[in-house]
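Reading through the structure tokens given below for one structure.
The values are calculated or read from the model by the stated rules, or taken from the named source; none is laboratory data. Note that the structure is predicted; figures quoted are calculated from it, not measured. Cβ: placed from backbone, ideal geometry, glycine included. Neighbour counts: every protein chain shown. For the accessible areas, the whole protein counts, side chains as well, though only heavy atoms, and no ligand, DNA or RNA atoms are used. Shrake-Rupley method; radii C 1.70, N 1.55, O 1.52, S 1.80 Å.
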Amino acid sequence: MTAPIVAVVGGGQLARMMAPAATALGITLRVLVESDSASAAAAAHETVVGLPTDPDAVARLLAGPAPTVVTWEHEHIPADVFDACRAAGVPARPGLAALTFAQDKIAMRARMAELGLPNPSWREITDEEGLAAFIADQGGPVVLKTARGGYDGKGVRIVAQAADARDWIEATAHGGPRLLAEAKVPFTRELAVQVARRPSGDAVTWPVVESVQRDGVCSEVTAPAPGLSAERADQARDIAMRIATELGVTGVLAVELFETADGLLINELAMRPHNSGHWTIDGSVTSQFEQHLRAVLDLPLGATTALAPVTVMANVLGGARGDLGTALTDVSDPGAKVHLYGKGVRQGRKVGHVTVTGDAVDAVYARAVASAAIVRDGGAA
Ligand code: ADP
């Protein structure tokens with residue numbers, strides 16, 4: 001038997017967390033890492049050092065023995081990479097026709113509107129007059145976003161007056177990313193739903209989760225979302241299924257949603273494993289990382305059933321502890337599953353997460369947050 005080879009573009013923690021799943025399945029994981037010290041470099045079976053913008057590096061990723069399939073751990077994939085995959089006869093999943101809608105928030109909003117799926121009010125912004133008119137329409141501050149290149153709240157700001165956004169509008173006029181403005185949604189909470197779809201069309205969803213963001217960065221995820229009605233959970237899963245099918249997504253798709261008094265609205269899409277799905281490693285029969293590999297290889301998908309009534313994942317962002325190597329000594333909760341990404345600590349950078357499963361949401365939440373704080377700041381914190 002020849003083991004499948006999955007090539008991944010991007011060497012962050014998402015590629016790193018695919019490695020244990022690949023090992024278990026007997027799949028070779030070959031990762032294009034930005035540097036030898038990238039998070040995934042220590043975990044991948046094979047590494048190629050280089051950037052997706054470097055045709056030589058991409059050629060080395062695709063060189064023989066050729067990968068069975070190429071996939072991504074982030075959305076910033078130049079169109080040239082898809083051309084190189086086509087020329088090499090290696091399928092790229094998800095393909096550019098789908099990935100575009102995770103790369104570009106204007107394209108995504110326009111497509112969701114075409115599909116009749118629930119968007120906040122939005123408009124592309126090309127000048128201050130357009131932004132001023134949208135602010136006036138909304139009757140208050142709006143959310144301005146760069147269509148491309150944003151992550152973790154970078155590329156998102158709240159704007160009360162058009163003049164406050166002059167810098168971004170000028171940058172757009174000089175070749176910078178296009179801009180869109182959205183209504184500032186009065187959400188009661190943020191939800192996310194993940195779906196995995198294989199090329200043959202089969203698709204499965206995981207339970208809908210609640211995610212809490214601090215300063216635009218995901219902080220905790222609770223699965224399933226506490227108190228979510230069955231009807232609303234079905235709506236969320238239907239939205240995700242519909243997007244995966246209509247856009248022809250292959251692999252894992254995360255749909256971030258706002259829950260409001262009037263229903264659900266789509267925030268954004270990620271076509272890869274996503275922070276809102278890290279809980280599945282310890283909390284679901286099939287993790288998002290295993291499922292992504294299965295889906296892009298067009299293998300039968302695994303069960304997405306939760307292993308416990310409640311799972312909480314708490315992110316570890318860079319804090320007081322400068323060297324995470326000492327953290328394991330200090331975490332004494334035997335049910336706390338600690339995941340460290342092998343990244344240098346910088347303030348606010350995602351460097352790991354902790355997952356706890358159990359029966360009662362408040363207790364599980366408190367334990368996950370407490371252990372994550374110990375990893376971040378030290379035993380005395
Ligand atoms: P990123 O691409 O950086 O993840 P998002 O579009 O997800 O950016 O925005 C980051 C966070 O900003 C969201 O999780 C949410 O908390 C807030 N946000 C984004 N869009 C809106 C909106 N239209 N209304 C209210 N809050 C928003």
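Of all the listed residues (T286, T250, T205), the sole one being touching a helix residue (DSSP H, G or I) at 6+ places or on another chain (Cβ under 9 Å) and free of Cβ contacts under 8 Å to residues at least 24 places away in the same chain is T286. Contact map, the range 98-122: residues that are closer than 10 Å to L180 by Cβ paired with residues that are hydrophobic (A, V, I, L, M, F, W, C) and open to solvent by less than 20 Å² (accessible area, probe 1.4 Å), Cβ distance under 6 Å, separation 6+ or inter-chain. Pairs shown: D104/A147; K105/A147; K105/L180; I106/A147; I106/L180; M108/L269; W122/L180. Out of R60, R30, one residue alone is assigned to a strand (DSSP E or B) and of a type in the set (K, R). It is R30.
If the condition is being of a type in the set (G, A, S) and surrounded by fewer than 17 Cβ atoms within 10 Å (Cβ to Cβ), then the range 184-226 contributes S200, G201, G216, S219. Here is the figure for the range 50-78: residues that are open to solvent by 60 Å² or more (accessible area, probe 1.4 Å) and hydrophobic (A, V, I, L, M, F, W, C) total 1. When every residue of the range 134-146 is checked against the conditions, none turns out to be more than 10 Å from the ligand (Cβ to nearest atom) and of a type in the set (S, T, Y). Look at the range 150-168: where a residue is near the ligand (Cβ under 6 Å from one of its atoms) and a partner is among the polar types (S, T, N, Q) and open to solvent by less than 60 Å² (accessible area, probe 1.4 Å), sitting 6+ places away or on another chain with Cβ atoms under 7 Å, you get G155/T146.
Note on the range 1-26: residues that are buried (at least 22 other Cβ atoms within 10 Å of the Cβ) and assigned to a loop (DSSP other than H, G, I, E, B) total 2.
Taking I281 as the residue in question, decide whether it is in contact (Cβ under 8 Å) with a residue 40 or more places away in the chain, open to solvent by 20 Å² or more (accessible area, probe 1.4 Å) and in contact with a strand residue (DSSP E or B) (Cβ under 9 Å, 6 or more places away or on another chain). Considered against the rule, which asks whether it is in contact (Cβ under 8 Å) with a residue 40 or more places away in the chain, open to solvent by 20 Å² or more (accessible area, probe 1.4 Å) and in contact with a strand residue (DSSP E or B) (Cβ under 9 Å, 6 or more places away or on another chain), I281 comes out as yes.
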